[in-house]
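Only one structure is covered here, and it is reproduced in the block below.
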Amino acid sequence: MIKWGIVGTGNIAHKLASDMQYVSDGSLYAVASRSQHKADSFAREFGIPKAYEGYENLAADPDVQAVYIATPHSDHYASTLMMLRNKKAVLCEKPLAVNVSQAKEMIRVARENNVLLLDALWSVFLPGMLKVQEWISAGLIGELKLITSECGFTSDVITEGRLYNPHLAGGALLDIGIYTILLPYWIFNSKPERLESLAKMTDTQVDEQSGILMSFPGGRIAQSISGINVPLKNSSTIYGTKGYIDIPEYWKAEKVWLKSEDKEEYFEDSRSSWGYDFEVREVNRLIQEGKTESSVVSYQKSIELMEILDETRDKIGLKYPFE
Ligand SMILES: NC(=O)c1ccc[n+]([C@@H]2O[C@H](COP(=O)([O-])OP(=O)(O)OC[C@H]3O[C@@H](n4cnc5c(N)ncnc54)[C@H](OP(=O)(O)O)[C@@H]3O)[C@@H](O)[C@H]2O)c1
């Protein structure tokens, strides 16, 4: 039974903690917050034995084997490094880091300490995404040509909150735009050859809404849009020469549709969880097998994804004050 610690007690920490009930080979052992009160309340809610004030106190607990980093983007680097240096395996929320140089250093420290680091790209472990890849590999939509992806919601403008605050590496791109990049990167299995992007910036100088056009080897194209000021349909369509695959709310991939010249097929994931248990099981499996890198989300993939995010930020002029 792998003993897990959680760093941060916000929105996504609650969801992953709730999904631990579906994981048979791991359990929540500790939680850390900036405040003892929040750590205690989270621990009570999920029946977690240890509640720490201060992330460093969780890092110092020798019984914690794996740590889930569920803090704002600006904190991923420091908290991950602290856990890796204390020999904990780390599952770090997306984006793995704020930029590629941070990501490379995190990977270097994971290797140096011979521990696992996994970029929490949870969608790629979901049964719906595996079904999509199976349909594509079987050639059911023919030769891949185009992918459209959108991801957006209307959030309150809270300038100190993590979405609008540049000091927390806010903006649409790193929060949800990453999914609109991840999907074409994953399906085309390549970095784009060329990328163009336009964004509308907030008064706080983070991107509120952005559009990205990418061209991939073989003349393939992806169009991605995201926003934190607009309720988008949040769907993705993968087009090939013989048909297409629709994935509504594709980061959750609960339902996927295939419509091709030859057949129509529908797949629905029957999971009861939010879907975060799949990435947790990947971490548990790797730890039990003594592995320090996932072959699904390899370090190379994490680095390339960060490079695409960096290039997009370059195009829209999104630079954070601490960079
Ligand atoms: N995979 C997904 O589906 C998904 C969904 C949503 C978010 N995320 C990712 O998960 C991470 C956290 O997002 P979230 O929505 O859970 O955020 P959130 O609700 O704001 O929670 C973040 C937590 O981080 C801690 N924290 C540390 N430093 C902080 C600071 N300076 N300001 C505010 N909080 C700070 C806080 O916990 P303590 O006060 O207890 O220390 C806070 O509760 C982000 O990387 C985000 O992109 C992933």
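Among the candidates 13, 17, the residue that is within 9 Å of the ligand (Cβ to nearest atom), closer than 21 Å to residue 278 by Cβ and of a type in the set (Gly, Ala, Ser) is uniquely 13.
Only strands (runs of 3 or more DSSP E) whose full extent lies in the range 216-323 are considered here, and the ones with at least 3 residues that are over 19 Å from residue 179 (Cα atoms) are 255-260, 264-268. Any residue that is in contact (Cβ under 8 Å) with a residue 60 or more places away in the chain and within 11 Å of the ligand (Cβ to nearest atom) - is there at least one of those in the range 77-87? Yes; the residues of the range 77-87 include at least one that is in contact (Cβ under 8 Å) with a residue 60 or more places away in the chain and within 11 Å of the ligand (Cβ to nearest atom).
Restricting attention to the range 31-54 and to residues that are within 13 Å of the ligand (Cβ to nearest atom) and either touching a residue at least 60 places away in the same chain (Cβ under 8 Å) or assigned to a strand (DSSP E or B) (or both), the residue that is nearest to residue 64 (Cα to Cα) turns out to be 31. Pairs are defined by a Cβ separation below 7 Å, a sequence spacing of at least 6 or placement on different chains, a first member in the range 147-171 that is at negative phi, and a second member that is more than 9 Å from the ligand (Cβ to nearest atom) and of a type in the set (Phe, Trp, Tyr); the pairs so defined are 149/250; 157/164; 158/164; 166/320; 167/322; 170/164. As for the range 114-125, it holds no residue that is surrounded by fewer than 21 Cβ atoms within 10 Å (Cβ to Cβ) and outside the structural domain of residue 76 (by TED's automatic domain parsing). Residues of the range 182-207 that are within 16 Å of the ligand (Cβ to nearest atom) and under 18 Å from residue 230 (Cα atoms): 204, 206, 207. Taking the range 254-283 as the range and being within 30 Å of residue 1 (Cβ to Cβ) and at pLDDT below 95 as the test, only 270 passes.
For the range 137-177, a residue qualifies if it is part of a helix (DSSP H, G or I), surrounded by fewer than 24 Cβ atoms within 10 Å (Cβ to Cβ) and touching a helix residue (DSSP H, G or I) at 6+ places or on another chain (Cβ under 7 Å), and the qualifying residues are 167, 168. Here residue 275 passes the criteria (1) more than 18 Å from residue 125 (Cβ to Cβ); (2) within 16 Å of the ligand (Cβ to nearest atom) except the one numbered (1).
Please verify whether the range 87-95 includes one or more residues that are part of a helix (DSSP H, G or I) and surrounded by fewer than 16 Cβ atoms within 10 Å (Cβ to Cβ). The answer is no; no qualifying residue exists.
The values are calculated or read from the model by the stated rules, or taken from the named source; none is laboratory data. Keep in mind that what you see is a predicted model, and the values were worked out from it rather than measured. Methodologically, a virtual Cβ is constructed for each residue, glycine included, from the backbone with ideal geometry; neighbour enumeration extends over all protein chains shown.
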